[in-house]
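Engineer: Sharing a structure with you now.
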Amino acid sequence: MLNGKDIIILKNGQPIAATKSDEIQVGCEIIPISSPSDGAWTAAIAGRKSWAITVGFLVANVENVFSSIEMVGNRFELIIKHSQGSNFMGGYAICTTFKVTATKGNLVQGSFAFQGIGPLESGYAGRVLD
């Protein structure tokens, strides 16, 4: 089973965050190729693939919020590690969103959204952390 510490965010080769919650989305474009010979049904082929990752974490202090804001618009290396073994996925992504959620009486939580640039590789050959 995977557990919530399995996505590591790197900047300039150095780990800067581990995550509390993770969501990985991989998809592809659909290219319509319908013609009159298809009758009443549409036809399509798969196009380019894309991927995105949203990660959540607990906010430790105000300085953490200010440094997190600076991540938006920057490129990062993301590594997804299986918790029991040496299976990795990874790739490069741009941080597109930073969000903070605070509810009275609860811990402050933050989240980042990343849009992949290039492939999300299985058996990732980038930096592998222990």
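Engineer: Expected output is a single nm value to one decimal: the length gained when fully extending between residue 52 and residue 75, i.e. 0.36 nm times separation in residues minus the C-alpha distance. What is it? Walk me through the numbers on the way to the answer.
Structural biologist: Details: separation 23, 0.36 × 23 = 8.28 nm, distance 1.31 nm.
Once the chain is fully extended between residue 52 and residue 75, it gains 7.0 nm.
Engineer: Label points 7 Å out from Cα along the Cβ direction at residue 37 and residue 98: separation in nm?
Structural biologist: 5.5 nm
Engineer: Given the whole protein assembly as supplied and a 1.4 Å probe, what does the accessible area of residue 70 come to in Å², nearest 10?
Structural biologist: Residue 70 has an accessible surface of roughly 130 Å² with all protein chains in place.
The values are calculated or read from the model by the stated rules, or taken from the named source; none is laboratory data. Here the structure is a predicted model, which is why all the values come from computation and not from measurement. Neighbour counts run over all protein chains shown; Cβ positions are idealised from the backbone, glycine included. When the accessible area is computed, the model is the full protein with side chains, heavy atoms only, and any ligands, DNA or RNA have been set aside. Shrake-Rupley method; radii C 1.70, N 1.55, O 1.52, S 1.80 Å.
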